[in-house]
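Report on one structure; see the data block that follows.
The values are calculated or read from the model by the stated rules, or taken from the named source; none is laboratory data. The structure displayed is predicted, hence computed values, not measured ones. Cβ coordinates were reconstructed from backbone atoms using ideal geometry, including for glycine residues, and neighbour counts include every protein chain displayed. The protein model used for the area step is the full one, side chains on, heavy atoms only, and it has no ligands, DNA or RNA in it. Shrake-Rupley method; radii C 1.70, N 1.55, O 1.52, S 1.80 Å.
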Amino acid sequence: MNKTYYFLIILILTLGIGALFFPEKSYIKEISPELLFYKMNNPSRFVTTDQVAKLIIESDPTLFLIDTRSSDQYGSFSLPGAMNIPLDELVDSIGIICPKWIDYLDIEGMKVIFFSNSDVIADQVWVICTRHELDNLYVMRGGLNTWAETILMPQKPSEYSPDEEFALYDFRRGACQYFVGGSISIKSDVVADQVPRVRRKKKTVVAGGC
Amino acid sequence: MKNLEERSEQYINPYLGGVLLGLTVLLTVYITGRGLGATGAVKSTIVAAVDQVAPTYAENQAYYSKFLSDDHHPMNNWLVFETIGIFVGAFLSGLIAGRVKKFRIEHSPKITPKTRLIFATLGGVFFGIGSQFGRGCTSGAALNGTATMATAGLLAMIFIFGSGYLFAYFFRKLWI
Amino acid sequence: MGPLISQGYINPEWNFVIALLLGVAFGYILEASGFSSSRRLAGVFYGYDFVVLRVFMTAVMVAMIGLVYFDYMNWIDISQIFILPTFLTSVIVGGVIMGLGFIMGGYCPGTSFTGVAIGKLDAVFFTAGLFLGIFIFSSAFPLIEGIYYGGELGPVTVMDTFGISRGLFAFLFIVATISAFILVSWIQKRVTKNEV
């Protein structure tokens, strides 16, 4: 055989052996960076604790709460009906979402609401999932800290507050009754990093919705 | 090896041809995300012709209607233009190498030109039918399909060549 | 990055110009490799000329390993490329019929076009047969619809089917192809020696 052929065989075999060591990519679809950036700048993904409380009380069938904290924290306290998907388990070592979670998160018509102690980790999860073309994802503004402040220990508004504040306060007291039965109060160690509280008017439906 | 080179000295080295063809396939996939094909254009022509002659039949028939669209004419198709290119490219290559001559029939000395033409037509008919079942021919299904690692492509390649070898014995008089 | 057209790097208006140019390259290479001759093509089945196998397998190998590297370098979004859907019954039936057509006609569609271009009358008849065959298939479609849609698996790849990685399949394919090349050189030497 011609010498050139030996050279070519060695060349193509080397290329083939090289290909053996390529990491297996996962081919989950991704949205373009521009679109992701646009979506990240859009605050409509945030829902307030009041909206979440209302959905839970109404036992909205399209509500799907995801607790993004560690399983220890999830075990000690979480919202009723929430599922635990810790951030570490959601993604693999290179930041790609594990395919098994897609089945949970990608259900037509479900409103998926992420929450953590504050809303930082939940928002990270939101970005990861949105990047993978998942839809109808929301983040509970302020996380469980705000939940504790607003729903579990509502502050009575000052006398000069507008009527809406009192209506909200009444709702929260009702919600508090619903969630804790008026007896148990949440442990203070859950309330870690403070997030500026955003008071929004109580709305009937979660923004966006389905 | 020497023997082969003497026989095919007017053609380019088959491995060089293969590398060039592979690069063409790669370029096609890189630019368009799809593959080369050949039968697609024939199918488009048939669809267009039937649609011209009997539009209502074509619209209601299960197979023709698959390829009819209100947006564009069936001949306004990627593969049709690509196939025109095949003719042009082959003509150029033949012209450069001095292989373009007036119409002649290539056949084994053991058979008459007439037999050759009959079997060529029959072969075409079978290939035409098979290519529709295979959703592509040797170029579309076997070459591109295997290169893009589609299971269908690999199967098409295995079964085209496998069945060729299977039937080769019965048709040996045509060729050797 | 790629595929350039679907990712918007090239205006779709250029689609047909690109199609024409790629077709010219395709036709040129097929003809230059000797695919316009039916006796050369049929030789692969009788062991006297393996040009089809050499060109075809080299092309598949180069394109396949090229795609693996393009994918690794992120030059192409492999999830965007067209994957031929697998219909198990249909592709097996089709493959067998195509093999029969190949051995009878000595051409496959693409190569018959190159034969027509340089003036082979048998290629013209093969192409005419091709039209006839597709017309027969389309007209008889309601009768054979069951076969056509039989054994649907969707657009699966060999990675899904065999559960191996892209790189491993490419490597195995290269090893198999090179072995085949060495084997056919040996066969061809023997066959042609016997004839002479």
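Computed values, structure above
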read-out: Whole-number accessible area per residue in Å² for the stretch A:30-202, which is evaluated in the context of all protein chains at 1.4 Å; value: 53
read-out: Filtered trypsin sites (Lys or Arg not before Pro), the stretch B:25-113: DSSP coil and at most 13 other beta carbons within 10 Å; value: B:LYS101, B:LYS102, B:LYS110
read-out: Accessible-area composition of chain C, carbon plus sulfur, in percent [1.4 Å probe]; value: 69
read-out: Overall form of chain C per C-alpha gyration tensor (a/c, 1.5; a/b vs b/c); value: rounded
read-out: Antiparallel bridges, percent of DSSP beta bridges restricted to the protein assembly as shown (to nearest 5); value: 20
read-out: For a label point 7 Å along the Cα-to-beta-carbon line of B:GLN10, residues of the stretch B:84-99 with backbone N under 19 Å; value: B:89-99
read-out: Carbon + sulfur, % of accessible area of the stretch B:1-101 - ligands and nucleic acids excluded, 1.4 Å; value: 60
read-out: Carbon and sulfur %, accessible surface of the stretch A:88-130 computed with the full protein complex present, 1.4 Å; value: 56
read-out: Of A:LYS54/A:LYS156; B:LYS101/C:LYS193; A:LYS39/A:LYS111; C:LYS120/C:LYS193, those spanning more than 25 Å from alpha-carbon to alpha-carbon; value: B:LYS101/C:LYS193; C:LYS120/C:LYS193
read-out: Size of charge dipole - the protein assembly as shown - debye, nearest 20, with Cβ of Lys, Arg +1 and Asp, Glu -1, no other charges; value: 2660
read-out: Loop GluC sites (Glu not before Pro), the stretch A:77-167 (other Cβ atoms within 10 Å of the site Cβ: 10 or fewer; DSSP); value: A:GLU108, A:GLU159
read-out: B:TRP78, C:TRP186, ranked by accessible area, largest first (probe 1.4 Å); value: C:TRP186, B:TRP78
read-out: Chains C and A together, accessible area buried on both sides, 1.4 angstrom probe, square angstrom; value: 1500
read-out: Relative contact order (%) - the stretch C:2-195, alpha-carbon pairs under 8 angstrom, separation at least six; value: 29
read-out: Between the stretch B:44-101 and the stretch C:69-119, the alpha-carbon center distance in angstrom; value: 17
read-out: Mean Cα-pair separation over length for the stretch A:30-202, i.e. relative contact order, pairs under 8 Å, 6 or more apart, %; value: 25
read-out: Average accessible area per residue (Å²) across chain B - probe 1.4 Å, nucleic acids and ligands excluded; value: 44
read-out: Buried solvent-accessible surface, both chains (C, B), 1.4 Å probe, Å² to nearest 100; value: 11300
read-out: Accessible surface, chain C, averaged per residue in Å² (probe 1.4 Å); value: 37
read-out: Relative contact order [Cα under 8 Å, 6+ residues apart], the stretch B:1-101, whole percent; value: 24
